Each structure stands twice: as C-alpha cells, then as structure tokens.
C-alpha cells in the first residue's frame, strides 16, 4: 500500500509536470512549481535505488509493483497509459543520480517527451536527444510488447490524415453544438421540455478535442456569425472556457461541466426580443432592465431542464454569475453570493472577449482580438479576476488563433496558434493567397518563433491585425477545412 | 465445471460467450440484491475473474453492438429482443457501436462498469446523461468504446461558410486596421458588466491599445499557488451552498407565479439535501428567504402566495422531515440550537410530522427541544395540533395535550374540555391537569372526574382540592359525599374524599361530619365503616378546636369501632 500511494503521487506529479510544460514557457511559475514537486517526490524515492515506472499488459507498475487503481485515479491511469502507448514507450527509469539533476533538465525532458509524439521512433529519438544533451539520469524504456492490433503505431499527431480527422471532428462538434443550443433554446421558448443529454455529450467531445489540440479549439472559437450571434457565441464561450480550464488543470469532468455552462450561459436571452438584442445604439433604461434579467432567466431555464437537481446545481452558477464583476458589482444584484465561483469568473472573461470581438448591430466596428485583449487588460481589468485574466491573456497570446494578420512583408495570413505537437513555442500563420475570384485560398504555413516586431529583427513578423469581415473571410473556414 | 480453468480449452468464442453470460448474470444480480449482498459480490467476482482470464489469454475482447445482438469476431455471441432491459439494447440505445475490454483490467474497473450499467439500465424520464456520458466521466482505463454518430440523427446541414461574417468592403480591401484605429464606438458588451452608461470613448483608446507586456501576464509564485488551490477546491467542492445563494438571490427578482413555482420546486429539493447534509443554518436561511419572498407577494390576484404556502406545506410534511430522524438521534445535545432555529421557521402544519420524530431513541434534551418547537408552532396556530388529537395514539397524544395545556387562548380551553372526556385515562388526566394549571377555577369543569374509573384521574382531582382551604371546593366535596355516588362504595376512595374535605374544608363541614359519627348502624358496633373513618380523618385535617373536640368526643364513644378509629386518627 505504501508503494502504491507513493507511486500514485510520483506518477501524478510526473504527469502534471509534462502536461504543464506542454502549455507554458520555461520561465512560467506553473512550470517551476510542477518541476519542483516532481523533483521533490523523485528525489525522496531514488535514495533507495532507481525509480521505475513501467507499463506492462495495460497496467502501470511502480518500482516493480502494480499500481492499485481507485475510482479517483482512473482518469490519471488512463491518461498515463495513453501517453506511453502513443509514444510506444514501455516506461521510464530514473537513475539514482537524478537527485543531482537541474530543474532545467527536467523541463527539457518533459519537452522531449511531448515532442516525441511526432517522431518515427520515439524511444530511439529520445535516447539520441538525451545523449546529445549529456543527460544520463533518465532512460526511456522501449516497448516490449506488440502494439494492440487496432493501433496504428505510425499514426503521428501531425499526420495529415489525423490532422484532417481532428479538423473534421472539430467542425462537426461546433456545428452540432450550435444546433444543440438552438434546439434547447427553441424548446424553451415554446415551453417544451428540454434535456441536456446531447449537450453533455457534445461537451465531452469538445473536452477530448481541447485536450488533444487546444490551438484547433482557438481557431474554432474564432467563428463569428453576424446573423445568429447568440448560438455561435455560446459555443465559442464554451470552447475558450474549456481551453482556459485545461490551462489551469481542471479535470475532464470539470471541463465538461464548464463546457455545458458555456453553452448554456446565455440561455436567458431566449425571451429577449431581437429588437432589443440587435438595437443599434444605446438601450433605453427599460430595455436595459430586460437585458439585465437574462442571467436570472438563464438560471430559471436551467432549472426547468429535464435533468436531476444535482446536475442543475452544477451548471446554473456560471450562467448566473457571468455578468458579475469580481467585486460583485454588475448584475444581477446579489446579497448572499459572497464570491463568484471559478466557473463564473472564467465565463465572465471569455464572454467579454468573445462579445468584444463579435459583430454587433449597435457597434460601428468590432474589436480585433488583440484590441479586445488590450482593452480587457488595460481598461476592464477591474471587473475580472486578475489571476484568471493573466491566464487568459497568456493563453490567447499577442495574436490569438483565428486572427487575420498582415505580415511585415505585406502578406495576409490567419494565425493558427502554436503547434501542439512541437516542443518549441512558436506561432504558426497560414498565409492567404488571392484566388482567381475576389477571394483567398490557403497558402504556405509559416512558423514564427517570435511573432511581433518588437522582438523580431529579421525575417517575417506580424505587423498588424485585420478584421475578418474587412477581408471577407471566415478565418476558421481556412483553418479547419 | 470450473469455467475459469475451462477458458483456454473452449476456444476464444466459447470463452467470450461465458464472459458475456457472467456479465449478464452479474448485472441481474445488481438489480436483485442490494449493495454489499453476498450474491451480488459473488456474481461480480465471477464476472471479473472470467473477463480477466479471457484478457490474459487473448489480450482484448472487442464487441460490436447491434440493437439486438453482441458480435464478437464477426459472430453473434448473444442476442436478445431490442427492448429496455436487454444488454445489447442498452448499449445500442446510447449509441455505443463497439465496446472493448483490454488486458490489465482491474477488479474495481469491472465493479465501476457494472455500477454504471446498473444505473443506466433503464433510461429515466429526466436523464442528465446516459451510459456513454457516465463511462466518459469514469474514464475506465481498460474499457474503451466507440460511439456511433447515429445518436445525433441527421447532422445539421450548416457548414462553416454559412456563418455570416458581416459586411465586406466593396472592393475587398481592408476597412480598418487596429493600428489605425483611434475611435471605437460604444461597446455594449463591455458595458454589460458595468453601469450601462459608459462608452468606449471614456476608456481613452490611446491608452488601452498599447500592447500587453508579456512579462506582466506571467503568474507570480503566489498567484500560481492560489490558482492550484482553486482547482483543487473546485474538484472537491459541493456546489450546494453556492447554488442555494444563487437561488435565494434570484428570489429577489422573480415576478410571476410560474417563475416562483420553478424556483420553489428546486428549493424544496435543496432543502432536503441540506437536511441530509445536516446544514441546519443554510436550511433555516432557505426557509427565511422563501418566507420573505412570500411577504413580497401579498397581492391576492397573485398566485405566488399560494405557491409559497404550498412550498411550506411540502417541506413540513413527513416525507421531508423524516430525513431528520437519524440526525436527531445522532446530534449531541449541545448542538441542538441550530436545529431548533431551523424548525421554528416551519409553519404549524409541520407539527404532525414533528410529532412523528419522537422516537424511543431520542434523548431527553432532544425531546425537550422538539416539544418546545411544537409548543411555539402551535401557539401560532393550534389547528394542526388539534386536528391530530383525533387520531393519535396514547403516549404521543399525552405529550400533545401537555403542549396544548401550555398554550394560551379560549380555543385551547375548549379543546381541553373536550379531551377530559377522552376514552384514554392518561389523556383525561393530562387534559384535566392542563385545565387546572391554566386556571384553578376550571375545577368546576373537571370536578366530575372525582368519580372517574381510573384511580390516577381521581387522585389528580383529590390532590388538587386538597391543596387549598376553599369554601367552593368544600361545598363541592360536601355535595359529592352526600350524593351517594357508586364510586363512594369504594372505601379507599371514600376515605380519600373525606381527607380532601378535611384539607379544603372548614367548620362549615362539622355538622355533616358530626352527623355521620352520631348516626351508626348496628354493623358499626363491630367494625369501622369507611364513612366514619373518613369523617374522623376529615375532622383531624380540619384541625379547628371544634373539630378537635368532636374528635376527642368520638374517642370516648360507647361504640368500640368509633372509639378505636378515633384513637388511630388522633395517633396519626
């Protein structure tokens, strides 16, 4: 039992370290924390000899003993098995002199493990990379069994077929999401019973996509619909909230709940007339009153959904709170609510961002993604949780995925975000080329290691951001086809 | 035959049939036996053992799901009509296309899988999810599944290009670029979270358009620590309290009856959960807030007040309050105050359910607390308590009568007066005692009980009249003793009545007593009658010189019976 508990702790710390390093840069505090925690638990154990995590016949073995499963650790075990199986590794062994290793070497190792996904022979590649860096305290263990018949060992993360498949799934999820939110809204507006079974399944599909390829979700969340804003907005908020949730390390179950909250956060707008929703210019006080009731109406609609009370209690909070500022001003008025929940704080940030970057009838011009981030950071910051706002701005980057940009060379492109399978941080830009008509077609993909002019002295960089409507494209269409 | 050892010899298909057979048997035993039952455990162990043996030999077991069959390696190994309660249909219904068990599966995984299967065996009317969502949440490492797109029906025909991106410049060139922009019009969404009055001009665009310093968005160690804590807390958090606050905050704004109904329905469920969690303070808060909302909806044309009343009736009923039974037994007496506070928020309609909470296992302090609560609730409206009196059994009824006696008002008197005719002696006694406690003059109403069949009732009346020297009581007793009622044939009772006369009476009774001593029958020569003995004791209790004189005279009587009795009386 002792080994089991230690094993679980080490495996959890190791997995968290790799996961965190996959999302953040070397100097990030979260990276520092994750590395420190793993180093501490590893050092404690290697005093008695090598530390070995091995996968054999579908089970995780720690120091030669099978790691016992508990219901709470299924997700960790599953993720860990997937991680090793996808890299065709049978495990990893830390030699006793790991205790003298430097933190930066752990970061390097984690980046190598993340990057090995795209290699022909991950174990061999890892060996070479570690040797080149002079790291001898760790040893990847090659797979000793044949992979399961259904698994395609050659299928890398960035294989064109897998990329296309992911994009197809992403598009499908988005469109199904829009459809599902519309269906629920329509049912609610005619007082028919509505359930959340489909919405939950969609949220689960989206979580899988977020975990697999966050950049793709950013691209997807850049979809805008001028005519039917509310539904695309709901899906965008769900996607970006889940991406944020992933960044801060929420479990898959919480990510699913956050996604459901995102999809349903504006359900209260169902009964607001289009005249008010799309009214150009300022709203009259009585119209504001109607608008300000939408979080409350949203809660009421959620309560009316065909779902057990416990589920409703988990998904009603975020929608209620998404217009509350962190100091509890904003709306609706509260007396008993003392703190905004984590979901509410996330939704508030993401909802504002998506609204600012969407076309609205009452606004002459839509903010560009980078402008929206600047406005939120420099001017609206008081209404958000400062820590989560940092996470959000960091996640979106200076030019969020889906941004239409002009490079210093004059070329137009769409930002694709960082390469999820790459161990180096960089922003990919899909160049847009004029087609025969008045539109654009896909061009080359550039990887800009330093995306803006302030840090780039040579080569290509992003000069400015443009409005997609000005260019006449739906950026996601280019990124997801 | 031991199936486990037989697996390798029967071949893969046959072994798969055995596994599925045991899986079905296990799920049936889940439906038949409660958790922890030996048969259920046995079925689970057999199911795990066979599956585990199969996987050790063949590494994986992949089933293709049909609506009425399970297919393994292209062959149907199990079939059943496509209806609820049959294994293939349960998988098929939720869109599972293939299901795969992999080597390395753990006992606890199989157990979890069967739990989930059992939970979703029949799809309820209010499904929050289904087997697929449950499997997804559970993340069983060695059970994989593929879900069919059929679940979605026809996919929406929409494609990404169908989303409108708004107006495009006529010549296809760029309308505006961020760096050029120095004026942005009103951003209602930014204002959404504000006072609704500001526009973006107020923000000073020149300032906010400057780029964000990348270092500024890096988390500090302290921020990183807090973020980590939040996520840990979020994983463990029970959203009940937050949800309650949201609902209660919402109550301030809701207007029409339908909205009130929806919220109160949820709050009722929440109230039950709070009781189960023993969160008495929050439960009290919930009742307080709903009550206050009821006060805001006092318009008779508004049905909300009826809905609020229905809510309180519901939460006061036994199905809800019975959830407190265990808590009341287990809560230490020092921690009863919050429970009492919560219960006092209930309407008097809760009294019948509260009375049912008196169980033999309750300690004295908890009983006292409940009694006090019922007393206060009944003081607001005695109706529910009174209506219980007709069909409540004796021990509980006595408690109710005792509570009733402590309440004020003429109505209570009327109820108690009715109860002194109750068939139960204990109830009659309790009611009479209550009436006497409320007002000693009620003796007129209860005095007839001096003739009650039950000794304890009679004793109550005699005890009461013995307490005061009172001419009214004296007259009543004199009248009673002269009435020759059948109960007076009981010597003990007769003597007690005389004694009582002695304690409440005065010289006015002496002629009556003297007459008894002077009127003997031939039988009194040999024995002392109850009347003589009683008269002598009464004289002694009256204690005046005249009474003493009569007593001494009796001690010198020619009748040996009187003489002896008088001497005894004097001795006592």
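Each reported figure results from applying straightforward, stated rules to the coordinates on display, with no laboratory input. No experiment lies behind these values; they were computed from the predicted model shown. No Cβ is skipped: glycine too gets one built from the backbone with ideal geometry, and neighbour counts run over all protein chains shown.
Its Cα gyration tensor gives chain A an equivalent ellipsoid, and the semi-axes of that ellipsoid, as √(5λ) in whole Å with the largest first, are 40, 28, 21. Per residue, the convex hull spanned by the Cα atoms of the protein assembly as shown amounts to 257 cubic angstrom. Here is the size of segment B:3-152 from its Cα atoms: Rg then Dmax, 14.5, 46 Å. For a modelled paramagnetic label at residue B:76, 7 Å from Cα along Cα-to-Cβ, the residues of segment B:23-50 in reach, with backbone nitrogen under 20 Å, are B:23-25. Enter the Cα centre distance for the pair segment A:345-388 and segment A:47-83, rounded to the nearest angstrom. Using only Cα atoms to place each centre, the spacing works out to 43 Å. Taking the longest Cα principal axis of chain A as reference, the axis of helix A:29-46 is set at about 30 degrees.
Helix B:394-406 and the longest principal axis of the Cα set of chain B meet at an angle near 80°.
Maximal additional length on extending the residue B:402-residue B:492 stretch stands at 29.5 nm, based on 0.36 nm per residue less the C-alpha distance. Here the Kirkwood formula puts the hydrodynamic radius of segment A:1-124 at 14.8 Å, using every distinct Cα pair. Taking all Cα pairs closer than 8 Å and separated by 6 or more residues, the relative contact order of segment A:300-378 comes to 21 percent.
Computed from the Kirkwood radius of its Cα pairs, the Stokes-Einstein diffusion coefficient for segment A:160-396 at 25 °C and 0.890 mPa s stands at 137 µm²/s. Projecting label points 7 angstrom from Cα along Cα→Cβ for residue A:95 and residue B:364 puts them 7.6 nm apart.
Extending 7 Å from the Cα toward the beta-carbon at both residue B:376 and residue B:236 defines two label points whose distance is 3.5 nm. Per-residue ellipticity at 222 nm computed for chain B from its helices equals -18000 deg cm²/dmol, with DSSP H segments shorter than 4 residues left out and the rest contributing -39,500 (n - 2.57).
Spacing of the modelled spin labels on residue B:309 and residue A:103, each 7 Å from Cα toward Cβ, amounts to 6.8 nm. Note on B:549, A:139: ascending count of other Cβ atoms within 10 Å places them as B:549, A:139, the fewest first.
Can you order the peptides A:305-316, B:275-286 by their average number of other Cβ atoms within 10 Å per residue, highest first?
A:305-316, B:275-286
Considering helices alone, the calculated mean residue ellipticity of chain A at 222 nm is -16000 deg cm²/dmol, with DSSP H runs of length four and up weighted by -39500 (n - 2.57) and normalised per residue. The residues A:231, B:33, A:69, A:353, when put in order of fewest to most other Cβ atoms within 10 Å, stand as B:33, A:231, A:69, A:353. The C-alpha atoms of chain A define a longest principal axis, and helix A:103-115 lies at about 70 degrees to it.
Let me have the relative contact order for segment A:2-142, percent, based on Cα pairs under 8 Å that are six or more residues apart.
That works out to 27 percent.
Taking the Cβ-Cβ separation of residue B:337 and residue B:252 as r and a Förster radius of 30 Å, what is the calculated FRET efficiency to the nearest 0.05? The pair residue B:337/residue B:252 has a calculated efficiency of 0.60.
So if each residue of separation counts as 0.36 nm, and I subtract the Cα-Cα distance between residue A:381 and residue A:208, what length gain in nm does that give?
Between residue A:381 and residue A:208, full extension yields 59.2 nm more.
Extension gain, residue B:318-residue B:299: 0.36 nm per intervening residue step, less the Cα-Cα distance, totals 3.8 nm.
Take each residue of peptide A:374-385, count the partner chain Cβ atoms within 10 Å of its Cβ, and average: the result is 5. Diffusion coefficient of chain B by Stokes-Einstein, Kirkwood radius over Cα pairs, 10 °C, 1.306 mPa s: 47 µm²/s. Normalised by the residues of chain B, what does the relative contact order come to in percent, with Cα pairs under 8 Å and at least six apart? For chain B, the relative contact order is 5 percent.
Peptides A:324-333, A:369-378 ranked from most to least packed, by the mean per-residue count of other Cβ atoms within 10 Å: A:369-378, A:324-333. For the peptide A:28-38, the mean number of other protein chain Cβ atoms found within 10 angstrom of a residue's Cβ is 3. Judged by the mean number of other Cβ atoms found within 10 Å, the most tightly packed of the peptides B:312-318, B:371-377, A:251-257 leads the ranking A:251-257, B:371-377, B:312-318.
Quantify how strongly other chains surround peptide A:247-256 by giving the mean number of their Cβ atoms within 10 Å of each of its Cβ atoms.
4
As a proxy for reagent exposure, A:396, A:300 were ordered by neighbouring Cβ count within 10 angstrom, fewest first; the result is A:300, A:396.
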